[in-house]
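Reading through the structure tokens given below for one structure.
The values are calculated or read from the model by the stated rules, or taken from the named source; none is laboratory data. All figures in this text were calculated on a predicted structure; none of them were measured in a lab. Cβ sites come from the backbone with ideal geometry, for glycine too, and all protein chains shown count toward neighbours. What goes into the accessible areas is simple: the full protein's heavy atoms, side chains included, and nothing from ligands, DNA or RNA. Shrake-Rupley method; radii C 1.70, N 1.55, O 1.52, S 1.80 Å.
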Amino acid sequence: MISFFRRWLSSPIVLVLFALVVVAFVIVGIGNPLGGGAPAGGTVAEVGDQEISAARLSDQFDRRLQAVRQQNPELTARAALDTGALDITLDQLVISVALEELARDMGLSTSKRLVDADIAGMEAFAGPTGQFSEQVYRDILQRQNIDERSFRQDLEGDVLRRHLLAPLAGLTPTPEGVARPFAELQLEQRTLSVGAIPYSRFDVDAPNQKQLAAFYRENQARFTIPERRKFQYAIIDRADLAQQIDVTDADIAQYYEDNSDLYAATETRSLRQVVTQDRAQADTIAKRVRAGEDFAAVAADVLDYSESDLDLGSTNESDLAGIINDDVAAEVFAASEGNVVGPAESNFGFHVISVDAVETTPTKPMSAVQGEIRNRLIEERAEARVAELTDQVQDAIDDGASMQEAASDAGLRVMSPPALTETGQTPEQEDFSLPADLRPLLGTAFDLMPGDDPLVEEIGQGRYALVGLDEVIPAAPQPLADIREEVSEIYIFEEQRKQAEAKAKEIIAAVRAGGSLSAEMEAAGVPAPQDITARRAELAQQEGRLPPYVTLGFAQGEGDIADVPLPQQGVQVIVETTRVVPGDLSEVPGFLQTVSSQLRAAQATELQLAFANAVSKSIGTKRYPDAVTAVEAQYRGAGPDAE
């Protein structure tokens, strides 16, 4: 069940309220976050006094598409458009701009320290040691042609939005009357009787020529080779470049001297905190803890906080100041281990902070970090070389060089795979398989249109690819003469499937008339059914990997019976829900509290989303559908006037 909420909270329309959208775009590496290289096309929306340009919408869509391709490399722009991704992107932009406008109208402001803390915490800017690297930060901004001032301004907007939404997270606990039935439902236990009818049990004669031709005509789409693209690519690999870099002892000594603060003695503290908008609540918590009560127990009693809600982790004074403010951080780091600080006020409310542990790290001598520095310098120089090569190749293409010329001048090897479908298949070479780490190339190849210049795209794992389109081969059905045997096998399979489905309906009718599933399966000459017993909460842990027949068994009522096809396994499955046992919370102590906390988090997120939508309406928004259609037409390869 926890995974359910995690997936819900990861939906794109929610993430825009909390995630640093610009950061994600820097990570995937596409252009300027304020719209640099996107096509012009007027205004797609107005939010208060601000306009959202077609260029900005297009740029944000490009970035989100590239981010999704890290998980789904085959996704094309057209496929994303078919799911409404462009409208979702515009919705997110409208909400983002509206919240920022309201925050500024209310007089909320941010500080350089808060923005610095956000930047320092971004994984994209981490060096080989996992810590923030100024050099990596500068290299990425330069490679993506991002102006630092504009980048920081965008981050300031994200900080403002977080400040505006933070108070909405401090909700009262979910009422027990709401949480209890939901928790009981998760503990519900069901027993399913599951039987399978194999397709192979039914004998089907091979089709004659007339039957085969008719089946081929009726299912021609099934035997059509999808559109294929023939393309070339050349790889810029940071790991390969790193092997060519030499770092001297003098380089290491100079780095150690220039970055002495990284190796100086440090102090970190393990902290827990509660934050409330109510000063009286904060006073109560602080007094009770100072009187000897357990911090976690008091937080749970007063604010319904769980242990995970309290944890601030281990942090230094600078990072804590960036998260809260300078005054609170100074007070926390002046306190002794085991003490409680607060109530201390910030923009987020009143904090009560427990100093659980103090850890001091001594200065690291150069001899202890020499290897670390060597690796860091190699990584940073390799990153700089990647930026240099990508700029060189892109500049050459922009100046009219062919792909071969641009790659040759940069010392890159051009590869030419066979014509591939969007899934990386080719009928000419059935044994060919594009390596998994190169599958992001497919999305780029299918986004390019005939006549487009080659593109430089990030494909993950520190690698970039120059991709150029050579030829588009339209979708076309394979001639029956070439695939006669395959069509015949599919014909037989489909006839077996139909007979298995008919037999399943016959058995179900007999069971509904009073028969038993076991007896009917035995009479049909198929394997006896097996029992499955599970709780709903156990199924939630499968994270969407449940077999369809289990989902069916938990959807129908007690005593119901139905069937579901599993053609990939070659069976028709019958499911009878034989027993339903209501959930008993007394059997799982603490489960109700866990569910209440999860519902509270989901409730807070839903309220923040509703608030954001209300802000958009209050400030006033106007959309221009024709301008949005023009942006979509560019991705679909049509002009702005295309129907």
Open item on the list: Between Asp82 and Glu587, how high is the FRET efficiency from 1/(1 + (r/R0)^6) when r is the Cβ-Cβ distance and R₀ = 51 Å? Nearest 0.05.
Closed with: 0.65
Open item on the list: Once R0 is set to 45 Å, what does the formula 1/(1 + (r/R0)^6) return for the Cβ-Cβ distance between Ala250 and Val358, expressed as a FRET efficiency to the nearest 0.05?
Closed with: 0.75
Task: Charge dipole of the stretch 483-634 about the Cα centre (unit charges at C-beta), most positive-ward option of Leu517, Ile532, Tyr624 - done: Tyr624
TODO: Compute the signed sum of charges (Lys and Arg +1, Asp and Glu -1) over the other residues within less than 11 Å, Cβ to Cβ, of Arg463.
DONE: -4
- [ ] Calculate, for the chain, the solvent-accessible area per residue in square angstrom, rolling a 1.4 angstrom probe over the heavy atoms of the protein chains.
- [x] 50
Task: Diffusion coefficient, µm² s⁻¹, Stokes-Einstein with Kirkwood Rh over alpha-carbon pairs of the chain at 10 °C and 1.306 mPa s - done: 53
Task: Estimated dipole of the stretch 542-642 in Debye, rounded to 20 [Cβ of Lys and Arg +1, of Asp and Glu -1, Cα centre] - done: 540
TODO: Return the Cα extents of the stretch 265-362 along principal axes one, two and three, sorted largest first, each rounded to a whole Å.
DONE: 39, 27, 22
Task: Added length on full extension, which subtracts the Cα-Cα distance from 0.36 nm per residue, Thr43 to Glu522 - done: 165.6 nm
Task: Positive minus negative residues near Asp301 (Lys, Arg vs Asp, Glu; Cβ under 14 Å) - done: -3
Task: Coarse-grained scattering of the stretch 532-643 at q = 0.09, 0.19 Å⁻¹, given as base-10 log I(q)/I(0) from a Debye sum over alpha-carbon atoms - done: -0.60, -1.02
Task: Summed residue charge, Cβ within 9 Å of Gln496's Cβ, Lys/Arg positive, Asp/Glu negative - done: 0
- [ ] Taking the Cα centre of the chain as origin, sum charge times position over the Cβ atoms of Lys and Arg (+1) and Asp and Glu (-1), and report the length of that vector in debye to the nearest 20.
- [x] 1560
Task: Rounded percent of accessible protein surface that carbon and sulfur make up, the chain, 1.4 Å probe - done: 48
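Helix-only estimate, please: 222 nm mean residue ellipticity of the chain, summing -39500 (n - 2.57) across DSSP H runs of length 4 or more and dividing by its residues, to the nearest 500.
Dividing the helical sum by the residues of the chain leaves -15500 deg cm²/dmol.
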